[in-house]
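Visitor: For reference, the structure I am asking about is given below.
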Amino acid sequence: MALIRLNNQSLTNVSALPAAITTGSVLQVVSQDLSTQFYNASSGWLDIGLSATITPSSTSNKIFIIATLQIMHSNGNNSSGGMGWRVANASNTVIIGGSGGSNPTDFAAYIPSGFWNISGVQSKQIMHSPSTTSAYTYKVQVNRGNAGDPPTINYNDNGTGSFNTTSTITLMEIAG
């Protein structure tokens with residue numbers, strides 16, 4: 001085995017990004033898809049099984065989150081009601097965007113009395129600073145609303161029952 005001498009230089013721990021990696025560069029991408037149907041017939045915040053974990057390489061880096069959710073609001077009892085969704089971490093703490101807003105509880109759908117179904121795709125983008133180099137999990141949570149709201153919120157269901165759609169969460173580590 002050959003020994004390589006580095007002009008009397010020694011190797012040291014890397015404590016910052018090399019000069020060739022500029023701030024704002026995408027360092028890694030993690031994505032998770034979910035095509036399993038999820039039906040929410042109870043109140044309170046629930047995980048739907050859509051989550052992804054990323055391990056930042058520096059505490060100064062940010063994570064850009066893109067979450068896209070397929071929703072069908074079914075009004076089986078012909079009364080009005082609504083539902084919402086959010087991005088949270090593994091401890092159920094709501095992820096707030098860098099500007100101090102942009103996620104908490106986005107209102108996803110409201111169905112007025114006399115209508116049967118509302119279907120659509122919603123997406124949110126959040127820039128988060130987890131300030132860690134440990135694995136960090138982001139997940140999508142949903143809330144049907146009040147106990148008297150319509151009985152079912154369907155996710156990854158196109159409303160026909162013939163096939164599932166797909167919801168996605170994508171995490172991008174951005175050099176800080």
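No lab work stands behind these numbers, since they all come straight from the coordinates. None of these values were measured; they are calculated from a predicted model. Cβ coordinates were reconstructed from backbone atoms using ideal geometry, including for glycine residues, and neighbour counts include every protein chain displayed.
Visitor: By how many nm would the segment from SER60 to ASN89 lengthen if fully extended, with 0.36 nm per residue of separation less the alpha-carbon distance?
Guide: Working: separation 29, 0.36 × 29 = 10.44 nm, distance 1.83 nm.
Roughly 8.6 nm would be gained on extension.
Visitor: For ALA175 and GLN28, compute 0.36 nm times the residue count separating them, minus their Cα-Cα distance, and round to one decimal in nm.
Guide: On the way: separation 147, 0.36 × 147 = 52.92 nm, distance 0.96 nm.
That works out to 52.0 nm of additional length.
Visitor: Sorting MET127, MET83 on the 10 Å Cβ count, fewest up front, what's the list? Numbers along the way, then the final one.
Guide: Details: MET127 16, MET83 24.
Listed from fewest to most nearby Cβ atoms, that is MET127, MET83.
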